[in-house]
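The values are calculated or read from the model by the stated rules, or taken from the named source; none is laboratory data. Since the structure is predicted, the reported quantities are computational estimates derived from the model, not experimental observations. Accessible surface areas use protein heavy atoms only, side chains included; no ligands, DNA or RNA. Shrake-Rupley method; radii C 1.70, N 1.55, O 1.52, S 1.80 Å.
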Amino acid sequence: SILTAVCLVLLTGIPTICGILGHAMHLSTEDGAIFMQVMERVSHPAVTVMAATAVLLAVISTASAILLALSSNVATDLIGKNNKGGFITLAVGVTALLGPYLSDDIIGGLVISYEVAVGALFIPTVCAVLSKRAHLPKEAAIGSALLGCAGTIASQILALGFVGALMPLVLSMVGFVLGF
């Protein structure tokens, strides 16, 4: 395990060094990823292909792990135990494919994903923590999450400013009360 840790630390330095070299070479992100531009300029084409393959495998591995974790959470937490895992994974994957169309940049996409999480999960989490009851109805959490997500999407589409920022939380609270 120590040898693995040392290898990971050394491999982590490769993208960092490529970033420093890319800055020194005055490379621009408009021409593609800095890492791949540096690899093309300083290494043999076979090494460049291996680096591109490693990046692709890392992205695919991360995406599949996130997809499986999300679909597992949806299947066990919201829907319950049944044999619809493949359908749930497909639905979560198709939903995830729609995400990039909501924003033109990665940071904007991350902001939207956090807004969805806050809009859907903040109210039921706070209510569960503050409640003196041992168990709250599952319907309250589902209603809160669904209306919170709907509020987040509506606030993104309508661009209502401050009112739009409060809309997901208000709708999430309404969903919680209706589900309760």
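Below, the figures for the structure above:
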| item | result |
| --- | --- |
| Per-residue ³J(HN,Hα) for the stretch 171-179, Karplus 6.51 cos²θ - 1.76 cosθ + 1.60, θ = phi - 60°, Hz, x for Gly and Pro | 5, 5, 5, 4, x, 5, 5, 5, x |
| Length gained when the stretch Ala91-Ala46 is fully extended (0.36 nm per residue, less Cα-Cα span) | 12.4 nm |
| Accessible area of the chain belonging to carbon and sulfur atoms, whole % at 1.4 Å probe | 74 percent |
| Identified option (computed Cα extents along the principal axes in Å; candidates (i) 63, 42, 31; (ii) 47, 36, 33; (iii) 50, 46, 36) | (i) |
| Angle in degrees between helix 138-158 and the longest Cα principal axis of the chain, rounded to the nearest 10 | 60 degrees |
| Rounded accessible area of Leu27 (nearest 10 Å², 1.4 Å probe) | 30 Å² |
| J(HN,Hα) series, the stretch 16-22, from Karplus relation 6.51 cos²θ - 1.76 cosθ + 1.60, nearest Hz, glycine and proline x | 5, 5, 5, x, 5, 5, x |
| Percent RCO, i.e. relative contact order, over the chain, from Cα pairs under 8 Å lying at least 6 residues apart | 14 percent |
| From phi via Karplus (6.51, -1.76, 1.60), per-residue ³J(HN,Hα) for the stretch 121-126 in Hz, x at Gly/Pro | 10, 4, 5, x, 5, 5 |
